[in-house]
Amino acid sequence: MATIPSPATSVALAAGIVVFATVVYTIVYRIYLSPLARFPGPKLAAVSKAYQFYFDVVKAGKLPFELVRLHERYGPIVRIGPNEVHVSDPDFYDILYASLPSRRHKDIFAIDGFGLAQSVIATANHEHHRMRRAALNPFFSTQAVAKLEQSVTRPRIDDACQGLAKAFETGEPVDIEVLTLALTTDIITQYAFAKSYGYLDRPGYAPEWAEVLRGAAQSSMLFRYLPFMIKLLMSSPEWLINLIDPKLMQLFNIKSGLEAQVQTVMTNRANGSEDTKQTDRTIFHALLDNPNLPASEKTLPRLVEEAQIIVSAGSTTTVHFLKCTTFHILANKSILSRLQTELKSAIPDPAVLPPSHVLERLPYFAAVIKEGFRINDGASSRLARVAPDVDLLCGEQTIPRGTSISMSTYLQYRHPSLFPDPETFSPDRWLGPDAAKLERYLVNFSKGTRNCLGINLARSEVFLTLAAVFRRFEMELWETGRGDVEMAHDFFVPYVRVGSKGVRVVVKGICA
Ligand code: HEM
């Protein structure tokens with residue numbers, strides 16, 4: 001005898017049918033009816049972010065390599081998400097990463113995993129981003145960077161060189177990543193917070209910091225899919241963090257230190273006891289003083305998040321550049337010798353470095369730096385933008401407004417028509433008759449309204465550091481190979497294979 005289902009069973013059945021129908025409709029819509037349906041790509045990628053999740057998280061940062069395969073198979077525009085296409089067409093770069101007056105929102109998916117939602121880099125809306133960015137720009141302008149070169153950047157580079165001089169005496173190998181991470185961290189913290197973290201003075205240059213940053217970068221790949229997890233982690237008590245991973249405490253201590261610093265600036269202002277010495281001015285003073293930022297932009301948590309992104313963005317990318325470029329110079333004897341000849345004639349006294357804008361005019365040195373930028377990829381993550389007002393023309397195809405569109409340096413720098421033999425470190429490609437044309441494709445700092453805030457500081461650091469190191473020391477690579485510089489994982493910035501012991505050098509001599 002047939003039984004009549006209970007009301008609860010009927011409701012559950014009806015709910016199941018609705019969920020099933022919704023899922024089926026979503027799949028059919030995304031594959032066949034969406035405005036992006038005409039762009040080729042794997043069906044799973046069109047349906048859900050699971051495709052990206054597999055390469056980002058399960059395979060630990062392998063999406064750039066998969067993107068190469070996808071573009072070989074499907075052409076210059078590939079659909080890689082329900083609302084995302086990835087483009088491999090270098091001539092489209094300037095269109096996507098456009099300057100004002102074009103409006104570009106950001107698809108902050110890739111940034112969300114850092115848990116710094118109130119910082120400039122994670123600001124999705126174009127106008128909101130303009131406001132936050134305008135407040136920071138003066139602090140990192142060409143003039144501001146040039147002014148602080150004398151008092152902040154060069155003294156720290158001299159400190160790092162002291163470390164190399166000591167290594168010459170002891171014969172101990174030096175890990176370039178650890179040394180330059182201490183250097184760039186000390187520079188950015190002195191520059192932005194008037195208080196250097198002093199990593200260059202710590203034993204072994206605080207080697208654990210590199211590990212902490214790598215761990216945070218890798219975790220961000222998971223957190224970008226589950227952003228609530230990073231929020232939960234950031235608000236957890238210290239004992240729990242210690243239990244999960246004691247190394248994470250370094251990040252938390254930095255956050256607490258920044259909170260205390262901002263709080264002091266705010267309290268001193270409130271009770272009129274502020275120390276107004278220009279040398280003590282920090283990025284917090286600049287933001288708090290800015291009349292164009294409303295009070296909601298000057299809260300303690302937001303200022304701390306802005307400071308946190310500046311510490312990490314201001315160190316990791318520059319370090320990867322310095323480490324890779326040092327490797328390639330030392331691995332190519334003829335390049336090393338040509339570079340040192342030019343540096344010796346431009347810097348007669350190794351103790352007295354010219355300003356970075358003078359170094360930038362040395363033709364061979366500038367070509368080495370450009371090639372260093374090309375071969376190290378910069379930020380390896382695809383950088384997604386959204387044009388809210390206009391459709392964008394890519395070749396013959398129109399990408400509808402509102403689409404998340406991304407491009408990657410990894411593909412751009414391996415484009416056969418621009419950079420033949422891309423795995424070879426060849427500064428000469430920047431000295432040929434087509435070099436000027438080629439420069440528009442060198443995009444490590446991205447372009448347009450959301451390009452790198454720290455571009456002037458980064459350029460000053462890399463020119464001064466490499467000039468100092470290669471003018472002052474004779475070095476050789478020590479137990480280091482190409483696998484120690486090639487990207488094996490994309491954790492927003494490039495990371496090398498697990499188990500690499502880094503780029504290590506021995507100092508063989510001090511140059512007169
Ligand atoms: C060689 C070194 C560097 C490279 C290759 C680099 C690259 C980049 C790239 C590609 C972006 C765009 C990211 C995106 O679209 O999501 C960016 C943004 C940013 N960079 Fe850098 N960067 C470097 C050094 C620095 C330094 C020294 C600072 C220190 C202040 C810095 C601070 C920032 C900030 C705050 C942003 C966000 C800007 C915004 O959203 O308006 N970077 N960087």
Next item on the list: Examine the range 84-100 for a residue that is open to solvent by 50 Å² or more (accessible area, probe 1.4 Å) and in contact with a Pro (Cβ under 6 Å, 6 or more places away or on another chain), and state whether such a residue exists.
Entry: no
Margin query: Given the criteria open to solvent by less than 60 Å² (accessible area, probe 1.4 Å) and polar (S, T, N, Q), does S406 qualify?
Written below: yes
Next item on the list: Tell me which residues, restricted to the range 148-191, are acidic (D, E) and out of contact with any strand residue (DSSP E or B) (no Cβ under 6 Å at 6 or more places or on another chain).
Entry: E149, D158, D159, E169, E172, E177, D186
Next item on the list: Residues being open to solvent by less than 70 Å² (accessible area, probe 1.4 Å) and aromatic (F, W, Y): count how many of those fall in the range 23-52.
Entry: 2
Item checked: Single match in G257, G272 (criterion: closer than 19 Å to Y191 by Cα and open to solvent by less than 70 Å² (accessible area, probe 1.4 Å)) -> G257
Next item on the list: Check every one of the helices (runs of 4 or more DSSP H) wholly within the range 319-399 and list those with 1 or more residues that are within 16 Å of the ligand (Cβ to nearest atom), in contact with a Phe, Trp or Tyr (Cβ under 7 Å, 6 or more places away or on another chain) and over 25 Å from L148 (Cβ atoms).
Entry: 363-376
Check: Is there a residue being at pLDDT below 95, within 12 Å of the ligand (Cβ to nearest atom) and open to solvent by 40 Å² or more (accessible area, probe 1.4 Å) anywhere in the range 113-134?
Finding: yes
Notebook entry, point to check: In the set L453, L431, L477, which member is touching a residue at least 12 places away in the same chain (Cβ under 8 Å) and either among the basic types (K, R) or within 16 Å of the ligand (Cβ to nearest atom) (or both)?
Noted result: L453
Next item on the list: Mind listing whichever residues of the range 354-377 are under 30 Å from Q52 (Cβ atoms) and open to solvent by 10 Å² or more (accessible area, probe 1.4 Å)?
Entry: F373, I375
Item checked: Scan of the range 422-456 for residues that are at pLDDT below 95 and among the small types (G, A, S), ordered by number -> G432, A435, A436
Item checked: Failed item in (1) in a loop (DSSP other than H, G, I, E, B); (2) open to solvent by less than 10 Å² (accessible area, probe 1.4 Å), with R414 passing the rest -> (2)
Notebook entry, point to check: So which pairs qualify, if the first residue must be in the range 381-393 and over 21 Å from L67 (Cα atoms), the second must be part of a loop (DSSP other than H, G, I, E, B) and within 16 Å of the ligand (Cβ to nearest atom), the Cβ gap must be under 7 Å, and the two must be at least 6 apart or on different chains?
Noted result: A387/R104; P388/R103; D389/R103
Note to self: Return the residues of the range 419-431 that are over 23 Å from the mean Cα position of the chain (by Cα), open to solvent by less than 30 Å² (accessible area, probe 1.4 Å) and more than 17 Å from T325 (Cα to Cα); say none if nothing qualifies.
What the structure shows: none
Next item on the list: Could you please let me know if T465 is open to solvent by less than 40 Å² (accessible area, probe 1.4 Å), among the β-branched types (V, I, T), touching a helix residue (DSSP H, G or I) at 6+ places or on another chain (Cβ under 6 Å) and in contact (Cβ under 8 Å) with a residue 60 or more places away in the chain?
Entry: yes
Item checked: the range 304-316 residues that are among the hydrophobic types (A, V, I, L, M, F, W, C) and within 6 Å of the ligand (Cβ to nearest atom), paired with ones that are open to solvent by 20 Å² or more (accessible area, probe 1.4 Å) and assigned to a helix (DSSP H, G or I) (beta carbon under 8 Å, 6 or more apart) -> I309/I121; A313/I121
Notebook entry, point to check: Picking from A307, A331, which residue would you name as being open to solvent by less than 10 Å² (accessible area, probe 1.4 Å) and of a type outside the set (D, E, K, R)?
Noted result: A307
Margin query: Just to verify a result, which residue in the range 477-501, among those that are of a type in the set (S, T, Y) and assigned to a loop (DSSP other than H, G, I, E, B), is surrounded by the most Cβ atoms within 10 Å (Cβ to Cβ)?
Written below: T480
Margin query: Take the conditions farther than 23 Å from E259 by Cβ, within 11 Å of the ligand (Cβ to nearest atom) and either in a helix (DSSP H, G or I) or within 17 Å of the chain's Cα centre (by Cα) (or both) and apply them to T153. Does it pass?
Written below: yes
Item checked: All positions within the range 92-103 that are touching a residue at least 60 places away in the same chain (Cβ under 8 Å), more than 10 Å from the ligand (Cβ to nearest atom) and out of contact with any Cys (no Cβ under 6 Å at 6 or more places or on another chain) -> Y93, D94, I95, L96, A98, S99, L100, S102, R103
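The values are calculated or read from the model by the stated rules, or taken from the named source; none is laboratory data. This structure is a prediction, so every number in the text was calculated from the model and none was measured. Cβ coordinates were reconstructed from backbone atoms using ideal geometry, including for glycine residues, and neighbour counts include every protein chain displayed. For the accessible areas, the whole protein counts, side chains as well, though only heavy atoms, and no ligand, DNA or RNA atoms are used. Shrake-Rupley method; radii C 1.70, N 1.55, O 1.52, S 1.80 Å.
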